[in-house]
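Let me begin by presenting the structure, written as structure tokens, before commenting on it.
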Amino acid sequence: MSVIKAALVESFDQPPRFRSLPSPEAGPGQEVVDVLAVGVHPATRGIAAGKHYTSPKTLPAPAGADAVVRRPDGRLAYVMVMGAGTLAERIVIDPAAAIPVPDGADAAILAATMNPALSSWIALRTRVPFQAGQSVLVHGATGNAGSMAVKVARHLGAGRVVAAGRNRSRLDVLEAGGADAVVQLTPDEDATATALAEAAAEVDVVLDYVWGPPTELAMRAVLGARTRHTRLLDWVQIGGMGGDAVTLSGHALRSNAFRVLGSGFGSVATDVMRREFTDLVAAIAQGAMAVRPRPFPLADVEKAWAHEDAPGERTVILL
Ligand SMILES: NC(=O)c1ccc[n+]([C@@H]2O[C@H](COP(=O)([O-])OP(=O)(O)OC[C@H]3O[C@@H](n4cnc5c(N)ncnc54)[C@H](OP(=O)(O)O)[C@@H]3O)[C@@H](O)[C@H]2O)c1
């Protein structure tokens with residue numbers, strides 16, 4: 001029996017372990033692909049910790065939520081399987097879910113960048129009626145997904161992009177790299193609210209990676225300062241770094257053309273997602289946006305899990 005190396009979640013309390021597995025075999029309509037690079041994203045960690053809505057129901061299970069793979073005909077592809085797992089030398093995929101990757105694309109950069117970048121790409125292209133020239137507030141812009149959101153909004157034609165986050169030096173990088181205004185989120189709630197109101201009162205879309213109490217404050221600040229109440233404001237929940245719940249004021253919903261919606265794996269049809277991923281892979285391959293990969297070999301999966309990414313980098317396991 002031929003075997004492959006893999007990283008298996010054996011317990012939701014422990015990092016995945018480097019193990020051997022029987023080599024997978026393709027069923028009808030499936031194909032076996034070689035895995036080249038797997039990003040270790042917040043969702044990847046959440047799935048492996050049993051905290052994500054796609055976490056496996058039974059263990060052991062392969063870790064990894066997405067991958068850059070080489071198909072049997074030699075072509076590269078990107079796959080996102082969430083809880084089904086990708087951290088193995090070879091995996092079985094549905095060929096219909098393989099997103100084509102242009103020849104010569106860097107697998108590690110793609111694995112590092114796709115997940116953070118797709119969050120804002122999918123939100124702006126499919127969840128809201130975003131048009132070139134509109135203005136966007138990225139709430140929680142200093143992480144990888146938030147930083148990519150600034151670039152993606154600009155790439156998709158935003159007229160004005162406001163970046164709000166805690167880390168001053170990352171905000172400076174974002175300002176130098178394309179944000180029109182930055183707002184520092186500090187423990188001083190009054191100062192934060194005033195700065196948000198000044199910079200973002202008239203935005204069309206908020207891409208929110210924070211949620212929780214900081215979002216309650218931001219909603220009050222933006223809506224309270226808005227002068228054109230019937231101008232549509234779409235507030236898109238994408239990440240939950242500040243908490244999973246907010247108290248939403250009925251007054252806020254009635255007194256403004258204000259919509260709250262989410263964007264994620266479960267909220268966009270598969271065929272739409274596939275189309276958008278194809279365009280995004282092409283944009284990343286052309287160098288429109290990149291997160292710096294921090295590579296680890298598969299054998300060091302436990303070290304990879306323990307590694308805390310520096311701002312602007314993403315752990316990537318290379319196979
Ligand atoms: N729905 C989707 O399609 C989708 C796709 C990708 C990612 N996401 C989600 O987006 C979120 C961010 O992902 P990521 O890849 O950017 O992770 P990341 O690179 O680890 O960045 C997370 C950042 O969040 C910031 N943060 C944490 N707590 C905060 C708070 N209370 N207020 C403001 N900022 C806070 C931190 O920046 P500072 O320390 O600089 O403040 C941190 O760097 C995660 O929840 C992830 O699951 C969603």
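The values are calculated or read from the model by the stated rules, or taken from the named source; none is laboratory data. Quick caveat, the model's predicted, so the values are computed rather than measured. Heads up, the Cβs are rebuilt from the backbone with ideal geometry, glycines too, and the neighbour counts pull from every protein chain shown.
Descriptive notes on the structure:
- Of all residues in the stretch 117-128, one or more are farther than 14 Å from Val281 by Cα, of a type in the set (Ser, Thr, Tyr) and in contact with an Asp or Glu (Cβ under 9 Å, 6 or more places away or on another chain).
- Screening Val138, Val182 for residues that are within 22 Å of the chain's Cα centre (by Cα), closer than 21 Å to Phe258 by Cα and crowded, with 21+ Cβ neighbours inside 10 Å leaves exactly one candidate, Val138.
- Residue, nearest to the ligand (Cβ to nearest atom), within the stretch 51-70, restricted to residues that are in contact with a Leu (Cβ under 9 Å, 6 or more places away or on another chain) and free of Cβ contacts under 8 Å to residues at least 40 places away in the same chain: Val69
- Residues that are β-branched (Val, Ile, Thr) and closer than 22 Å to Met219 by Cα within the stretch 145-191 comprise Val150, Val161, Val162, Val182, Val183, Thr186, listed in sequence order.
- Checked against (1) at positive phi; (2) in contact with a Phe, Trp or Tyr (Cβ under 7 Å, 6 or more places away or on another chain), Gly212 meets all criteria but (2).
- Number of the exception - Asp73 against (1) more than 16 Å from the ligand (Cβ to nearest atom); (2) surrounded by 19 or more Cβ atoms within 10 Å (Cβ to Cβ): (2)
- Candidate set: the stretch 108-165, residues that are of a type in the set (Ser, Thr, Tyr) and under 17 Å from Asp279 (Cβ atoms); chosen: the one nearest to the ligand (Cβ to nearest atom): Ser119
- Residue identified as buried (at least 18 other Cβ atoms within 10 Å of the Cβ) and at pLDDT 95 or above among Pro60, Pro16: Pro16
- Members of the stretch 241-266 that are surrounded by 15 or more Cβ atoms within 10 Å (Cβ to Cβ) and either hydroxyl-bearing (Ser, Thr, Tyr) or more than 10 Å from the ligand (Cβ to nearest atom) (or both): Val246, Ala252, Asn256, Phe258, Val260, Ser263
- Apart from one condition, Gly178 fits all of (1) in contact with a Lys or Arg (Cβ under 9 Å, 6 or more places away or on another chain); (2) near the ligand (Cβ under 8 Å from one of its atoms); (3) not acidic (Asp, Glu); the exception is (2).
- Each residue in the stretch 30-53 was checked for being modelled with pLDDT under 95 and either closer than 20 Å to Ala299 by Cα or in a loop (DSSP other than H, G, I, E, B) (or both), and 3 of them qualify.
- Residue check, Val210 in the same structural domain as Asp190 (by TED's automatic domain parsing), near the ligand (Cβ under 10 Å from one of its atoms) and surrounded by 22 or more Cβ atoms within 10 Å (Cβ to Cβ): yes
- For the stretch 284-314, the set of residues classified as within 16 Å of the ligand (Cβ to nearest atom) and either aliphatic (A, V, I, L, M) or in contact with a Pro (Cβ under 8 Å, 6 or more places away or on another chain) (or both) consists of Ile284, Met289, Ala290, Val291, Ala304, Trp305, Ala306, Ala310, Glu313, Arg314, listed by residue number.
- Count of residues meeting criterion [surrounded by fewer than 24 Cβ atoms within 10 Å (Cβ to Cβ) and on the phi < 0 side of the Ramachandran plot] in the stretch 120-135: 11
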